[in-house]
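One structure below.
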Amino acid sequence: MNHQQLEKGDEFEVVLIDDGSTDGTGEAVDYLLLTYPIQRLYLPRTENSCRSAARNAGIRAAKGELIVFVDGDQLVDPLFVQEHIRCHRAHPDVFVIGFRDYLAPGKVDVDLLQRSFTLDAFPPVSEPDERWEVAAALSENLPNLATGWHFLYGCNSSVRKQHLLDVGGFDENLRKWSFEDVELGYRLHRQGLTPVFNRYSRVYHQFHPESNRQRHADWRENFAYFTSKHPELEVRLQWVLDPYFDPDRADGPSWFEAYLRFEFACRALAGRLPLGRTYEVLVIDEERVTEAVHEIAQRGATDDLVVIDTTNDRDLPLAVQTLRTGRELLYFKQPDQHLLKQVEKTFGCVAPLDRATGA
């Protein structure tokens, strides 16, 4: 993180929660020579230890206005902190979600990283974030998803500290793997905050073995608590994801297939199924980017809209995600033809790019 580039006046600190380690982690951190302040908190392990308790301790200890979460098994992109700050500077009532790429087993070349940040220092990416397939097919405008709150994962996300305090932080009754971050996302959503996706805030998940059977047991236990706390049907509909996690379901769906069922079930609940809709397509190029937000808001007020953004502008995705047009607003940043075909296949009613009326 010593590669982070911030704007003048911006500062950041690292609060590292050592959740009862016994392998010398604390000593190793204390001997690091860093160019930024770091505060290490050691929490002895108890029967109440969990991710939620550790993260809440970090929230309480943090001195800044913005809390950016990252897990201990993630490697961060040089723009990680800057990109989270950028989102909140212009849009105070959002919670920001970045994705992760999964790395194959292998070692990280620390010596190479000390000279410059390069993906050559990492093992190859074995698979992209599972949420990316949903965003690529349905929309990078996260609030247009009925289930955008479910995308809040603790490995790469940020929320203003005051918003976290207002909703009570993480629920420390969720002590097993899964849902502690998603449940927070649901409460932030219910509080009126907007989830936004930032494709430029990247982290890389280091490989480590996990027990699928234990993960599934944890998932079910936390799901039972989640639904007892929030009995709303949109929360209980997450059950359609269970077959993906069940190791005894050899014929189970992919995460993408299961999530589409969850998303469209929630859309049906809200009367938002796309069947029979006609979408106007608006292509934004560099010449139109200045007036893009006004044009999207104006046309989106009367039409269901697909926005194809071909520009390099990093602020337009955030502006689109904070618009409220009252209609369907699908947004795709620099999509290739494969992604456009996937969008048309998913909705069955979206004009391909070469028929775009807004070009």
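All of the numbers you see were taken from the coordinates with simple rules; none came from a lab. As the structure is a prediction and not an experimental result, all values here were calculated from the model. Note that each Cβ is placed from the backbone with ideal geometry, even for glycine, and that neighbours are counted across all protein chains shown.
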### Task
Please report Thr147, Thr35, Thr302, Thr194 as a ranked list, fewest other C-beta atoms within 10 angstrom at the top and most at the bottom.
Thr35, Thr302, Thr194, Thr147
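Counting helices only, and only those DSSP H runs with n ≥ 4, report the 222 nm mean residue ellipticity of the chain as the sum of -39,500 (n - 2.57) divided by its residues, in deg cm²/dmol to the nearest 500. Mind dumping the intermediate values first?
Values: 14 runs with 128 residues, N = 359.
It comes out at -10000 deg cm²/dmol, rounded to the nearest 500.
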### Task
State, as an integer percentage, the relative contact order of the chain based on alpha-carbon contacts under 8 Å between residues 6 or more apart.
18
## Note on the structure
Given Cβ charges of +1 for Lys and Arg and -1 for Asp and Glu, the option among Leu174, Thr311, Ser228 whose Cα lies farthest towards the positive end of the dipole of the chain is Ser228
### Query
Of the listed peptides 329-335, 36-42, what is their order by residue-averaged count of other C-beta atoms within 10 Å, with the highest listed first?
329-335, 36-42
### Val96, Val125, Val15 arranged by Cβ crowding within 10 Å, fewest neighbours leading
Val125, Val15, Val96
